[in-house]
Amino acid sequence: MERGAGSTESPTRGFVYRAAALAAVGGLLFGYDTGVISGALLFLRKAFHLSHTAQEVVVSVVLLGALVGALAAGRLTDRFGRRTTLLATSLVFIVGALLCAAAPTVDWLIAGRLVVGVAIGLASTAVPVYISEIAPAAVRGWMVSLFQLAVTLGIVVAYAVDYAFAHVEGWRWMLGLAVVPALVLGAGMLVMPNSPRWLLMQGREAEARQVLDRIREPHEIDGEVREIAASLHQQRGTWRELLTPAVRPALVVGVGLAIFQQVTGINTVIYYAPTILQTAGFSSASGAILATLGIGVVNVLMTVVALPLLDRVGRRPLLLGGIAGMAISLGLLGFAFRSPALAQHLGWASVIGLMLYVGSFALSLGPVFWLLIAEIYPLRIRGLAASLAAAVNWASNGLVALTFLSLIHAVGRSWAFWLYALLSVAAWLFTWLRVPETRGRTLEEIEAAWRSGSLEATTQEGARPYVGRRGRA
Ligand code: BGC
């Protein structure tokens, strides 16, 4: 079960780490391109005389593109491979960034943002799947979560770049600089190997063995090839298969977590923190932006804390603990906006509340969602199923982004936070009832455990059954 755990420091492991870190640059672009617009918008508004609606389109067209990209990624990663899809993704990122940076008109800008969105959607499916398929089981948790770490870093870098170019109104630089990591991703993937699991799925065993030779110890290779080949005989890769009894529980977990990761409100903070802080009493825009940068840094640091815990403590305990923290901090934020006693200190109270909330997210739903959708599905339909979960995530993201300001307008800030708190309670219950523990198991063991029902019905490797649907074959 812990195959390879004892040899995690060998040169072959070094190669896997580099491949994973490189693929995670796709996450950096995801974070950068979603974060950069908050600052750039101030100048785009002026340069193109953007109406309210036009601003909303410029911001949210990325989410539409990401939805399309995530859906397309399923077929592309299965047919052309994870690595080729990532190579294409880097090209799409470059085209999108150049279109935005050079945009002479709003229409060009919107087209550029749509293209960038497609690239983000492609990356959000292909990166976690690629890393999960090259990582040794014992360290897969933190390696796949490098993706989420890169997302959080990308957001902070974007805030910093916005800040740096603000005095020259340099929105073209802000949007165009994404070309740099995109080039790193493309150049790096050129020299990285294909996923051995995808190669075996294509019947290219000799090549798969060559790759395994570079990323595993010699004694691990035969066993891994046998295990992957056995899993391939069990499944057929079609959309319809997602609904078969053997796969449905995993589908429910992926889609459920996709929705809960977004409807518990994370991007109201990532996209609107300066707005929230200004209404809480931060009078200057730069003070609000600086506090937002602080929240972004907490997001990065707590993701770093989560990384080793994923493989040591497990995915479920982190999810349950972190989501509880989210519910509590959201509840407190709701009270802070009501309490007359706090009125004097509301600005700081909300910064602390938002930091607690973002920190709890970074320990739980942030990394664990992207990790689980890359590891809980059978190989033959992994690309399709992960892409469906990612697409649902992007659709839910769009829904929250488009409704947040109207929600605050309709029910007030306190009730908006309490609504997200309630949804966090629902997310906690969903996790408790449905989400399995995958720590330390190979992808093939996870697949076999779903089929036998043992994964569904247990939490820590057979201990402590949880109250859910019982195992079905
Ligand atoms: C989410 C994004 C979010 C980011 C914040 C990701 O896992 O999918 O929507 O902006 O975390 O760190």
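The values are calculated or read from the model by the stated rules, or taken from the named source; none is laboratory data. Computed from a prediction, not measured in an experiment: that's the story for all the values here. Every residue, glycine among them, receives a Cβ derived from its backbone with ideal geometry; neighbour counts consider all protein chains shown. Heads up: the accessible areas ignore ligands, DNA and RNA and are worked out on the full protein's heavy atoms, side chains in. Shrake-Rupley method; radii C 1.70, N 1.55, O 1.52, S 1.80 Å.
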### Test: Leu402 is surrounded by fewer than 24 Cβ atoms within 10 Å (Cβ to Cβ), in contact (Cβ under 8 Å) with a residue 60 or more places away in the chain and within 16 Å of the ligand (Cβ to nearest atom)
yes
### Query
Of the numbered conditions (1) touching a helix residue (DSSP H, G or I) at 6+ places or on another chain (Cβ under 6 Å); (2) of a type outside the set (Val, Ile, Thr); (3) assigned to a loop (DSSP other than H, G, I, E, B), Pro274 satisfies every one except a single condition; which is it?
(3)
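Open to solvent by less than 10 Å² (accessible area, probe 1.4 Å), among the basic types (Lys, Arg) and under 19 Å from Pro196 (Cα atoms) - does that describe any residue in the range 93-114? Full working, then the answer.
Applying the first criterion (open to solvent by less than 10 Å² (accessible area, probe 1.4 Å)) to the range 93-114 yields 93, 96-97, 100, 103, 109, 112-113.
Narrowing further to those that are among the basic types (Lys, Arg): 113.
From the residues that got through so far, the ones that are under 19 Å from Pro196 (Cα atoms) too are none.
Checking the range 93-114: not a single residue is open to solvent by less than 10 Å² (accessible area, probe 1.4 Å), among the basic types (Lys, Arg) and under 19 Å from Pro196 (Cα atoms).
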### Task
Determine if the range 180-202 includes at least one residue that is open to solvent by less than 10 Å² (accessible area, probe 1.4 Å), aliphatic (A, V, I, L, M), within 28 Å of Arg226 (Cβ to Cβ) and within 16 Å of the ligand (Cβ to nearest atom).
no
### Message
From the list Ala250, Ala208, Ala230, exactly one residue is under 30 Å from Val191 (Cβ atoms), more than 16 Å from the ligand (Cβ to nearest atom) and part of a helix (DSSP H, G or I). Which is it?
### Response
Ala208
### Task
Considering every residue within the range 375-386, establish whether at least one is in a helix (DSSP H, G or I), at pLDDT below 95, β-branched (Val, Ile, Thr) and buried (at least 24 other Cβ atoms within 10 Å of the Cβ).
yes
### Task
Kindly establish whether Ser132 is in a helix (DSSP H, G or I), within 16 Å of the ligand (Cβ to nearest atom) and of a type in the set (S, T, N, Q).
yes
### Message
I'd like the residue in the range 276-289 that is away from the ligand (no atom under 16 Å from the Cβ) and in contact (Cβ under 8 Å) with a residue 24 or more places away in the chain and, out of all such residues, is surrounded by the most Cβ atoms within 10 Å (Cβ to Cβ).
### Response
Leu277
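Based on what the data block shows, is Ser387 under 19 Å from Ala126 (Cα atoms) and polar (S, T, N, Q)? Before the answer, list the steps.
Values: under 19 Å from Ala126 (Cα atoms): yes; polar (S, T, N, Q): yes.
When the stated conditions are applied, Ser387 passes them.
Out of Leu190, Leu76, which single residue is in contact (Cβ under 8 Å) with a residue 40 or more places away in the chain, more than 22 Å from Ile37 (Cβ to Cβ) and over 22 Å from the mean Cα position of the chain (by Cα)?
Values: Leu76 fails: over 22 Å from the mean Cα position of the chain (by Cα).
One residue alone meets the criteria, Leu190.
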### Message
Regarding the range 339-362, can at least one residue be identified that is open to solvent by 20 Å² or more (accessible area, probe 1.4 Å), among the aliphatic types (A, V, I, L, M) and within 16 Å of the ligand (Cβ to nearest atom)?
### Response
yes
### Query
Only one of these conditions is not met by Tyr271: (1) within 16 Å of the ligand (Cβ to nearest atom); (2) surrounded by fewer than 17 Cβ atoms within 10 Å (Cβ to Cβ); (3) not small (Gly, Ala, Ser). Which number is it?
(2)
### Cβ pairs under 9 Å, 6+ apart, first in the range 263-275 and modelled with pLDDT of 90 or more, second polar (S, T, N, Q) and within 11 Å of the ligand (Cβ to nearest atom)
Val263/Ser396; Ile266/Asn397; Asn267/Thr34; Asn267/Asn397
